[in-house]
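Read-outs: derived from the displayed coordinates by stated rules, not from any lab. Just so it is clear, the model here is predicted, and its values are computed rather than measured. With ideal geometry, Cβ positions are generated from the backbone for all residues, glycine too; neighbour counts draw on all protein chains shown.
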Amino acid sequence: MGLVLNGGKVFAGGKLRRLDVRIENGKIAEVGTGLEGGREIGCKNKLILPGAIDCHVHFRQPGMERKEDWEHGSRAAVAGGVTTVMDMPNSVPPTVSLARLEEKRRYAAKSLCDYSFHFGAAAGNISDIKKCGLPSVKIYAAETTASKAAGAKLMLATFRAAREAGMTAAVHAEDMDIIRANELLARNKGWNSVAYHSYIRSAESEAKAVANALAAQRQAGSKLHICHLSSAAALELMEEADRNLVSCEVTPHHLFLSKAGVAGLGNLAKVNPAIHSSDRKALLRALCAGAIDCVASDHAPHTIEEKSRPYWDAPSGAPGVETMLPLLLDACNRDMLAIADIVRALCSRPAEIFRLAGKGQIRTGFDADIAVVDMKARKAVENTMQQTKCKWTLFSGRHLRGWPVMTMVRGNIVYSKEGFAAGFKGAEVSVVRPDLRKADK
Ligand code: DOR
Ligand code: ZN
Ligand code: ZN
């Protein structure tokens, strides 16, 4: 039996309209008025949005289960209106071979949301990149949690492999030489708090790495996605890029944390790239203008114990998959951005960039992945209510207006006020082959 969501405002065809959505066999069967045919779910006074796609999460399996796992991470996702996640390869061991990808798939089988993966770049794995069938290969230009810096040669070779395989090359863009020099300086000066992090992992370091990645991209002719863009300097470089091939994302923490906010959070706010608070207005403007394609959480949990170490020893990263959509809805309520910007950045653009079949739109034939949203709901973010295994958030204590109240993955209610679906399991998203996509157009 089918389902009908009625009485809500549906984001379809690029705008919000009072429509019903009929769901059959996990797919959107019809979007229109006066629809019938199955169990009705009343959505009066609610928005019906495509489920969010978080194209950047670290669910930490295998190897770092003390920080996160797929059960907790995917619950956090659906509680935050996220219906598809793309997991990063810096697990332990990293996802840099077909065998390790198979291993990761066994962990992800426990997921409550749908998922895909970024393959990892490593010396000597070009043939596996070409064979893996994933939408993306990730390259770390600088050292960060469980990953070493790739040199220029590896980057170019990986970009070439990505182009041949029709994949997107996703880059963590920071320059290790600049960071190392800054670290030396900082240690000599005795800097030892997160307040200095944005000087050490500086905007200049990001800009240099983005420039290098763009140069390699032009040489290889590949698709390039810059992860977690954090500075106005890097943003400027994106203006020169071929926007048919180059895209980028921003995180909620780079958009919404002030300098005072960062200082108050201590090492919890130690993230790479650093939070350059004075640039956050430029990032928000670029997001609204479509110059930044996506918002992604870079959900990167660490335990409180690890984060309680002194600045130099604390790991970088923070959770965020659960608070991403609520933060954006709240910002929308404050007229900082529009619902259309949110849907573009969380749904349609990530689906397009990573060629996720059937995802990102409320449209006949697409997967019925849906976030039902109450724009008037008010709630404070609390550490205790977080589903992530690490049980903390950068936004604890923030009062937000606008919350997802029900989340559906392929027509299954996975999260609602009744709690989480028991027994439902997400699936790996298939990738639209580039030749097929061209034929569509
Ligand atoms: O802060 C970060 N944490 N940046 C990254 O690139 C990696 C991430 C992690 O995996 O902890
Ligand atoms: Zn990164
Ligand atoms: Zn990351």
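Based on the mean of other beta carbon atoms within 10 Å per residue, what is the order of 164-173, 181-190, most packed first?
Values: 164-173: 24.7, 181-190: 12.3.
Descending packing order for the listed peptides: 164-173, 181-190.
For the range 120-252, a Kirkwood hydrodynamic radius built from all Cα pairs, placed in the Stokes-Einstein relation at 20 °C and 1.002 mPa s, yields a translational diffusion coefficient of 141 µm²/s.
Here the range 255-314 was treated as a single set of alpha-carbon atoms; its pair distances binned every 5 Å from 0 give 4, 16, 23, 23, 17, 9, 6, 2 percent.
Determine the relative contact order of the range 185-255: mean sequence separation of Cα pairs under 8 Å and six or more apart, normalised by residue count, in whole percent.
Values: 53 pairs, mean separation 22.0, N = 71.
Rounded, it is 31 percent for the range 185-255.
When the dipole is taken about the Cα centre of the range 62-155, and only Lys, Arg (+1) and Asp, Glu (-1) are charged at their Cβ, what size is it in debye, to the nearest 20? Please report the intermediate quantities before stating the final value.
Working: 13 positive and 10 negative charges, 48 e Å.
Magnitude of the dipole: close to 220 debye.
The distance separating the Cα centre of the range 106-180 from that of the range 327-348 comes to 29 Å.
Helical runs (DSSP H, four residues minimum) scored at -39500 (n - 2.57) apiece and divided by the length of the chain put the mean residue ellipticity at 222 nm at -8500 deg cm²/dmol. In this simple spin-label model, placing a label point 7 Å from the Cα along the Cα-to-Cβ direction at both S278 and R105 gives a separation of 4.9 nm.
Between G7, G124, W312, the Cα set farthest toward the positive side of the dipole of the chain (charges on each charged residue's Cβ, about the Cα centre) is that of G7.
Roughly what % of DSSP beta bridges within the range 38-190 run antiparallel, to the nearest 5?
Details: 1 of 17 bridges.
Just about 5 percent of them are antiparallel.
For the range 202-284, the C-alpha radius of gyration divided by 2.2 N^0.38 Å, with N the number of residues, is 1.15. Cross-link reach is defined here as a Cα-Cα straight distance under 22 Å, omitting same-chain residues fewer than 8 places apart; for K67 the lysines meeting it are K104, K110, K138, K148, K270, K307, K389, K391, K425.
Cα-based values for the range 213-255, radius of gyration first and Dmax second, are 10.6, 32 Å. Enclosing the Cα atoms of the range 344-420 in their convex hull gives a volume equal to 131 cubic angstrom per residue.
In the range 11-120, taking the dipole from charged Cβ atoms about the Cα centre, the farthest positive-side position among V78, N90, G63 is held by V78.
Quick one: divide the alpha-carbon radius of gyration of the chain by 2.2 N^0.38 Å and tell me what you get. List each step's numbers first, then the result.
Working: Rg = 20.6 Å, N = 441, 2.2 N^0.38 = 22.2 Å.
In units of the 2.2 N^0.38 Å rule of thumb, it is 0.93.
Among beta bridges identified by DSSP and lying wholly in the chain, the antiparallel ones come to about 50 percent. Close amide-amide hydrogen proximity is noted between R355 and no other residue 5 or more places distant or on a separate chain, at a cut-off under 5 Å (H modeled in the peptide plane; Pro and chain starts excluded).
Could you please tell me the mean projected area of the C-alpha convex hull for the range 268-397, averaged over all directions and given in square nanometres to one decimal?
Numbers: hull surface 37.8 nm².
About 9.5 nm², averaged over all directions.
When E322, E240, E306 are arranged by Cβ crowding within 10 Å, least crowded first, meaning fewest neighbours, the order is E240, E306, E322. Across the range 48-178, C-alpha contacts under 8 Å between residues 6 or more apart give a mean separation that, scaled by the residue count, equals a relative contact order of 21 percent. Amide H contacts under 5 Å for I41: V4, L5, N6, restricted to partners 5 or more places along the chain or on a different chain, H placed in the peptide plane at 1.01 Å from N. Annotation: lysines with alpha-carbon distance below 24 angstrom to K376 (same-chain offsets under eight excluded): K9, K15, K44, K46, K417. Shape descriptor for the range 94-167: Rg over Rh equals 0.98 (Cα atoms; Rh from the Kirkwood inverse mean 1/r).
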